[in-house]
1. Mind checking whether some residue in region 40-47 is of a type outside the set (D, E, K, R), open to solvent by 30 Å² or more (accessible area, probe 1.4 Å) and assigned to a helix (DSSP H, G or I)?
2. Given the criteria within 20 Å of the chain's Cα centre (by Cα) and of a type outside the set (G, A, S), does L205 qualify?
3. Does region 20-35 contain any residue that is buried (at least 21 other Cβ atoms within 10 Å of the Cβ) and hydrophobic (A, V, I, L, M, F, W, C)?
4. Could you tell me whether A228 is farther than 27 Å from I145 by Cα, part of a helix (DSSP H, G or I) and among the hydrophobic types (A, V, I, L, M, F, W, C)?
5. If you check I7 against the conditions, is it part of a helix (DSSP H, G or I), under 29 Å from Y253 (Cβ atoms), at pLDDT below 95 and open to solvent by 10 Å² or more (accessible area, probe 1.4 Å)?
6. Out of region 119-150, which residues are outside any helix (DSSP H, G or I) and either closer than 21 Å to V190 by Cβ or open to solvent by 50 Å² or more (accessible area, probe 1.4 Å) (or both)?
7. So G286 clears everything in (1) under 16 Å from the mean Cα position of the chain (by Cα); (2) among the small types (G, A, S); (3) modelled with pLDDT of 90 or more except one condition, right? Which one?
Amino acid sequence: MAQTILISIGAGVAAALLFASLASGSLVAILLFYLAPLPILIAGLGWSHWAGLIAAVCAAASLAFVFGTFFFLAFLVGIGLPAWWLGYLALLARPAEAPSDHLEWYPMGKIVLWAAVIGALIVIASIPYFGTDAETFHATLRNAIESALGLTKPPSEGADANANRLIDSDLLAALAPPMVASLTTIIQVVNLWLAARIVKISGRLPRPWPELAAISFPPFTSVLLAAAVAGTFLPGIVAIISGVLAASLMMAYAFLGFAVLHAATRGIQSRPFVLGGVYAAVLIFGWPALILSVLGLADTALDLRGRAARKRGPPQLRP
């Protein structure tokens, strides 16, 4: 028990340091900030969800001690509790119906869906900070973006002036909430994957490694996405909230699109190059994730993976 508490405190301090690295403003610091949930997830997956919860609280308390009480709530709501909850779900299991000595683990598809919902909720929770109505929200967010990009200063001559004219702060303010929700969803899933890999290498991962090609979403997911997309046509703050939820769910379907690719490329000799090229394209350009989202939606409607498996047939035994 004492060892678990010490590990939890150490994980919390590590998470707080990763979070605080953002203050330097460098590119490396931003990447480290994205990894802030990782120590909490490692503690939760490797030692128990209680260890993850202690780590989250310790990290929030450390930040509050150094930077002020606001950071306690900001870290706990935005990073600590979401990481603990995903780690808790990853270890959630119940006895299987048959055979009785096996466990039925919480499906990875539902965990990905939870990551999308959490990504949306984190952004939605921050909306009142910028304004409680659409006009105030967009105006405050636009001013914050202009201040961060230095657009509030008089444009200088030459290339800087041209760059300032090319940046539309109104467009950035409109795109920022759904983009942040999508990015938060990615960060949640990637950190969970990294933590599970690290814990598996150490031999402490209690659940079997899930198969990416087999993940699926509950039937209501597509209905929820359709309702979110329809909500974007409504006026006011409802449209903003709907856009955030729609973006995070589309990112979840992008992960489902990756699952379709993993299933469809089985048995193909060039599989590593195909998958590596797609992953690289999404990482570098970003927009190919929309194609994967469409692929995930198509699989939900048309069962693309099932058709590919039936076309491939059963595996052949080698003589």
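The values are calculated or read from the model by the stated rules, or taken from the named source; none is laboratory data. Note that the structure is a prediction, hence the values are computed from the model and not measured. So basically every Cβ, Gly included, is an ideal-geometry build from the backbone, and we count neighbours across all protein chains shown. Just the protein is used for accessible areas: all its heavy atoms, side chains included, with ligands, DNA and RNA removed. Shrake-Rupley method; radii C 1.70, N 1.55, O 1.52, S 1.80 Å.
1. Our first condition is that a residue be of a type outside the set (D, E, K, R); within region 40-47, this holds for 40-47.
Right, trim to open to solvent by 30 Å² or more (accessible area, probe 1.4 Å) and you get 42, 47.
Among the residues that remain, those that are also assigned to a helix (DSSP H, G or I) are: 42, 47.
Within region 40-47, one or more residues are of a type outside the set (D, E, K, R), open to solvent by 30 Å² or more (accessible area, probe 1.4 Å) and assigned to a helix (DSSP H, G or I).
2. no
3. The first filter runs over region 20-35 and keeps only residues buried (at least 21 other Cβ atoms within 10 Å of the Cβ), leaving none.
For region 20-35, residues buried (at least 21 other Cβ atoms within 10 Å of the Cβ) and hydrophobic (A, V, I, L, M, F, W, C): absent.
4. It is false that A228 is farther than 27 Å from I145 by Cα, part of a helix (DSSP H, G or I) and among the hydrophobic types (A, V, I, L, M, F, W, C).
5. Values: part of a helix (DSSP H, G or I): yes; under 29 Å from Y253 (Cβ atoms): no; at pLDDT below 95: yes; open to solvent by 10 Å² or more (accessible area, probe 1.4 Å): yes.
No, not satisfied.
6. We begin by selecting, within region 119-150, every residue outside any helix (DSSP H, G or I); these are 131-133, 150.
Matches in region 119-150: T132, D133.
7. (3)
Quick grid of which residues meet (1) open to solvent by less than 70 Å² (accessible area, probe 1.4 Å); (2) touching a strand residue (DSSP E or B) at 6+ places or on another chain (Cβ under 8 Å); (3) hydroxyl-bearing (S, T, Y):
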{"position": "P218", "(1), (2), (3)": "yes, no, no"}
{"position": "S242", "(1), (2), (3)": "yes, no, yes"}
{"position": "F258", "(1), (2), (3)": "yes, no, no"}
{"position": "Q269", "(1), (2), (3)": "no, no, no"}
